[in-house]
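Shown next, in structure tokens, is the structure this report addresses.
The values are calculated or read from the model by the stated rules, or taken from the named source; none is laboratory data. Only a predicted model underlies this, so the values are computations on that prediction, with no experimental measurement involved. Glycine also receives a Cβ, built like all others from the backbone with ideal geometry; neighbour counts cover every protein chain displayed.
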Amino acid sequence: MKKLVLLGGGHAHVEVLRQFGLRPVPDVELTLISPDRLTPYSGMLPGLVAGHYGFNDAHIDLEPLARFAGARLVQASAKALNAARRNVTLDDGSTLDYDVVSIDIGSTPPLQGIAGAAEHTLPVKPVKEFLATWETFVTRVRAGEVRSLAMVGGGAAGVEVLLAMQHRLTQTPLPYALHFLLITDTPQLLTQHAPGVRATLTRSLARKNVTVHCATRIARVEAKTLVAESGARIAADAIFLATGAAAPQWLATSGLDVNDKKFININKYLQSTNHAEVFAVGDCATIANKVYPKSGVYAVRQGPPLAENLRRFLCGESLIDYTPQPRTLALISTGEAHAIASWGALSFHGNWVWRWKDQIDRKFMGKYRPPWRSP
Ligand SMILES: Cc1cc2nc3c(=O)[nH]c(=O)nc-3n(C[C@H](O)[C@H](O)[C@H](O)COP(=O)(O)OP(=O)(O)OC[C@H]3O[C@@H](n4cnc5c(N)ncnc54)[C@H](O)[C@@H]3O)c2cc1C
């Protein structure tokens, strides 16, 4: 029996589990390591925060999926990997040997660059921690403990989550005005999107009285205060953070080849560039010399070729190429049941765009709910 370990229940690994259930690979002992049985789907996270979805709508249950794939689900977090010895150390101190490992453990916002961020901000990732505090936060707002809320990060995640929070918090009339702020170090919001997307979003933010600070790099966070590099101080009772993606720290000491930002370097087969028996996908990995954003769309698209290459590698067959698509469709929700579509230079928006996004997201989630039927 060959030991295949799937590390993390990310967007690509759910597809690997489904594929291995549909077409089992003989003589393979499959193990999935995930700290949580329920793994969040990022596309529905803003809708969950806004109150359009319930918790189960936006989470995939890994237990039935693992059972279908014939995998053992180990509920734990990896805290180290030794590529030379081919083993993974879990947070309970135990180690697990592998013949082949696939890593899909996502990313976290980079806290190191902002002094005081770890103590005084709430990052939107890990999603589990963010959601665990969100409902308590809603209660605090309703009790009048929070009057202003700032989001640091002007990319799609920061904007969507801020507008979702505003939508949810303003559904119940409050006896005072709640002030929302959006802060980014870039000259404008959503720099990776077309001017039409930015224009629609800017109008929406203005209509909703969100104060936007562009070109404002936050150097330090103190209790209820953001301090910009320029020395400007911005007060906010609660500070959230969605400032991009940083690599899980232990990857750098795993012996795997990593890039300058400590993400795992992979080749076109989604394989570590220095350990052929290690595959890595999603936010935690980058194809050497390719530029593409850290986004769930890429992690999802990597699922089928990853499943195919794991199967082929285990069977000693030649691997297939994966090429990241040059552009992707982004559907950015704006709090209420409304969204903006961004496709290259094109953009359009409306309630129908939100319904379209909702259909795509529900279809995606449907693939990972039982029953599954083998062909
Ligand atoms: C608020 C928000 C909204 C977003 N919206 C979108 C969107 O609409 N569209 C889009 O394309 N992208 C979106 N993104 C980006 C998207 O979340 C990520 O790019 C995507 O989740 C990456 O998928 P992944 O499979 O790499 O990792 P993840 O989805 O993060 O999954 C990683 C999994 O690994 C587990 N894990 C983590 N560490 C360990 C460990 N040490 N050991 C074992 N398991 C571990 C985690 O519990 C998790 O289940 C959004 C991000 C945020 C923060």
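Any residue that is of a type outside the set (S, T, N, Q), within 12 Å of the ligand (Cβ to nearest atom) and either free of Cβ contacts under 8 Å to residues at least 60 places away in the same chain or not assigned by TED's automatic domain parsing to the domain that holds Leu131 (or both) - is there at least one of those in region 22-33? Within region 22-33, one or more residues are of a type outside the set (S, T, N, Q), within 12 Å of the ligand (Cβ to nearest atom) and either free of Cβ contacts under 8 Å to residues at least 60 places away in the same chain or not assigned by TED's automatic domain parsing to the domain that holds Leu131 (or both).
Give the residue that is nearest to the ligand (Cβ to nearest atom), with candidates limited to residues of region 38-72 that are in a strand (DSSP E or B) and crowded, with 20+ Cβ neighbours inside 10 Å. Taking the candidates together, the pick is Thr39. Using the structure shown, decide if Leu81 is in a strand (DSSP E or B), out of contact with any helix residue (DSSP H, G or I) (no Cβ under 6 Å at 6 or more places or on another chain), closer than 20 Å to Lys261 by Cα and not assigned by TED's automatic domain parsing to the domain that holds Ile218. For Leu81, the condition - in a strand (DSSP E or B), out of contact with any helix residue (DSSP H, G or I) (no Cβ under 6 Å at 6 or more places or on another chain), closer than 20 Å to Lys261 by Cα and not assigned by TED's automatic domain parsing to the domain that holds Ile218 - is met. Go over the candidates Ala58, Ala83 one by one and state the one that is of a type outside the set (Lys, Arg), within 24 Å of the chain's Cα centre (by Cα) and within 22 Å of Asp283 (Cβ to Cβ). Testing whether each residue is of a type outside the set (Lys, Arg), within 24 Å of the chain's Cα centre (by Cα) and within 22 Å of Asp283 (Cβ to Cβ) leaves just Ala58.
If you go through region 88-107 one residue at a time, do you hit one that is under 23 Å from Lys261 (Cα atoms), at pLDDT below 95, within 11 Å of the ligand (Cβ to nearest atom) and not hydrophobic (A, V, I, L, M, F, W, C)? Scanning region 88-107, I find at least one residue that is under 23 Å from Lys261 (Cα atoms), at pLDDT below 95, within 11 Å of the ligand (Cβ to nearest atom) and not hydrophobic (A, V, I, L, M, F, W, C), so the answer is yes. For Arg301, are the conditions met, namely being within 27 Å of Leu17 (Cβ to Cβ), away from the ligand (no atom under 15 Å from the Cβ) and either not in a loop (DSSP other than H, G, I, E, B) or not hydrophobic (A, V, I, L, M, F, W, C) (or both)? No: the conditions fail for Arg301. Filtering region 233-246 to residues that are away from the ligand (no atom under 11 Å from the Cβ) and either under 13 Å from the mean Cα position of the chain (by Cα) or over 26 Å from Val141 (Cα atoms) (or both) leaves only Ala246. Restricting attention to region 274-294, the residues that are touching a residue at least 60 places away in the same chain (Cβ under 8 Å) and closer than 15 Å to Pro326 by Cα total 2. Can Leu190 be described as touching a residue at least 24 places away in the same chain (Cβ under 8 Å), on the phi > 0 side of the Ramachandran plot and crowded, with 16+ Cβ neighbours inside 10 Å? It is true that Leu190 is touching a residue at least 24 places away in the same chain (Cβ under 8 Å), on the phi > 0 side of the Ramachandran plot and crowded, with 16+ Cβ neighbours inside 10 Å.
For the residues Ser318, Ser295, Ser333, Ser272, the requirement of being modelled with pLDDT of 95 or more and within 13 Å of the ligand (Cβ to nearest atom) singles out Ser333.
Table: residues versus (1) in a loop (DSSP other than H, G, I, E, B); (2) of a type outside the set (A, V, I, L, M); (3) within 17 Å of Ala157 (Cβ to Cβ).
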{"site": "Pro173", "(1), (2), (3)": "yes, yes, no"}
{"site": "Ala177", "(1), (2), (3)": "yes, no, no"}
{"site": "Phe180", "(1), (2), (3)": "no, yes, yes"}
{"site": "Leu189", "(1), (2), (3)": "yes, no, yes"}
{"site": "Gln192", "(1), (2), (3)": "yes, yes, yes"}
{"site": "Val197", "(1), (2), (3)": "no, no, yes"}
{"site": "Ala206", "(1), (2), (3)": "no, no, no"}
{"site": "Val221", "(1), (2), (3)": "no, no, no"}
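Among the residues of region 244-260 satisfying the criterion of being farther than 20 Å from Ser295 by Cβ and touching a Ser or Thr at 6+ places or on another chain (Cβ under 8 Å), which is surrounded by the most Cβ atoms within 10 Å (Cβ to Cβ)? In this case the residue turns out to be Leu256. Residue pairs whose Cβ atoms lie under 8 Å apart, sitting 6 or more positions apart in sequence or on different chains, and linking a residue in region 106-117 that is of a type in the set (A, V, I, L, M, F, W, C) to a partner that is surrounded by 21 or more Cβ atoms within 10 Å (Cβ to Cβ) and in a loop (DSSP other than H, G, I, E, B), are Leu111/Thr121; Ile114/Thr121; Ile114/Thr243. Considering Ala143, Ala150, Ala194, Ala157, which residue is modelled with pLDDT under 95, under 26 Å from the mean Cα position of the chain (by Cα) and under 24 Å from Glu119 (Cα atoms)? Selected residue: Ala157, the only one of Ala143, Ala150, Ala194, Ala157 that is modelled with pLDDT under 95, under 26 Å from the mean Cα position of the chain (by Cα) and under 24 Å from Glu119 (Cα atoms).
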